[in-house]
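Peer 1: One structure coming up, written as C-alpha cells, with questions to follow.
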Amino acid sequence: MAFVDKTIEVAADVHDAYEVWTTFTDYPEFMECVETVTVTSDGRLHWVALIEDETCEWDADVVEEIPDTKVSWLAIDGRETGEVRFEKLADGITKVTYQLEYDPAAWEGKADTVRHWMRRRVEKDLDSFKEMVEAIA
C-alpha cells in the first residue's frame, strides 16, 4: 500500500469547507480527473474518472461522516481508503488534511506512475478545492 498525506489552509469557515467537500456530486468541479460521482440508491458513491487516458469506474462507501470535522471512505474493491479532516484555525480559516491510502496495483498501471499520479492528483485537487471554497466564502 502507498500513502499520500497533504494539508492546506483555506480562507473559509470550517462548515462551508466541509459542506463543499461532502457534496460528492460536485467533485468534478474541483477534482481534475473525475468525470462523475453518483450517489446510488443504496448510498454508495459510484465514481467514473479518466485516469491516464483510460476510463475507470469503482464504488465506495462513506464509512464515517462527522459534520464539520471529517469524512472517510473505503473503495469496495480495496483500491483506496481515505479521510479528509477539517479544523478551524481561526474565524474564516480552516485547515484541510487529505489522507489517502491506496494499492498501486489495483489501478492497473505501473506502480511508480500510479504513485506519482496519486500525489499530483491530491495536490491539484486540494488546490482546486481551495479556489472553489474561497470563491464562494
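The values are calculated or read from the model by the stated rules, or taken from the named source; none is laboratory data. As the structure is a computational prediction, the values presented were derived from the model and not from experiment. As a convention, Cβ positions derive from the backbone with ideal geometry for all residues, glycine included, and neighbour counts pool all protein chains shown.
Peer 1: GLU134 versus (1) assigned to a helix (DSSP H, G or I); (2) in contact with a strand residue (DSSP E or B) (Cβ under 9 Å, 6 or more places away or on another chain); (3) farther than 24 Å from VAL14 by Cβ; (4) of a type outside the set (A, V, I, L, M): which is the lone unmet condition?
Peer 2: Single failed check for GLU134: (3).
Peer 1: Which one of these is over 22 Å from ALA60 (Cβ atoms), at pLDDT 90 or above and not β-branched (Val, Ile, Thr): GLU80, GLU87, GLU123?
Peer 2: GLU87
Peer 1: Do you know which residues across the stretch 48-70 are closer than 20 Å to ASP103 by Cα, in contact (Cβ under 8 Å) with a residue 40 or more places away in the chain and of a type in the set (Val, Ile, Thr)?
Peer 2: Matches in the stretch 48-70: ILE51 only.
Peer 1: Output the residue which, of all residues in the stretch 7-43 that are touching a Lys or Arg at 6+ places or on another chain (Cβ under 6 Å) and under 15 Å from MET132 (Cβ atoms), is surrounded by the most Cβ atoms within 10 Å (Cβ to Cβ).
Peer 2: If we take residues in the stretch 7-43 being touching a Lys or Arg at 6+ places or on another chain (Cβ under 6 Å) and under 15 Å from MET132 (Cβ atoms), then VAL10 is surrounded by the most Cβ atoms within 10 Å (Cβ to Cβ).
Peer 1: Oh, and also: If I ask for residues that are modelled with pLDDT of 95 or more and either crowded, with 17+ Cβ neighbours inside 10 Å or farther than 26 Å from ILE8 by Cα (or both), which ones from the stretch 48-69 would you list?
Peer 2: Residues satisfying the conditions are ASP59, ALA60.
Peer 1: In the stretch 1-47, which residues are under 17 Å from THR97 (Cα atoms), of a type in the set (D, E, K, R) and more than 15 Å from the chain's Cα centre (by Cα)?
Peer 2: GLU9, ASP13, ASP16, listed by residue number.
Peer 1: Same structure, new question: Quick one: in the stretch 70-96, which of the residues that are within 22 Å of HIS15 (Cβ to Cβ) and among the polar types (S, T, N, Q) is surrounded by the fewest Cβ atoms within 10 Å (Cβ to Cβ)?
Peer 2: The residue in question is SER72.
Peer 1: Follow-up. Scan the stretch 37-55 for residues that are under 18 Å from ASP77 (Cβ atoms) and polar (S, T, N, Q) and jot them down.
Peer 2: THR38, THR40, THR55
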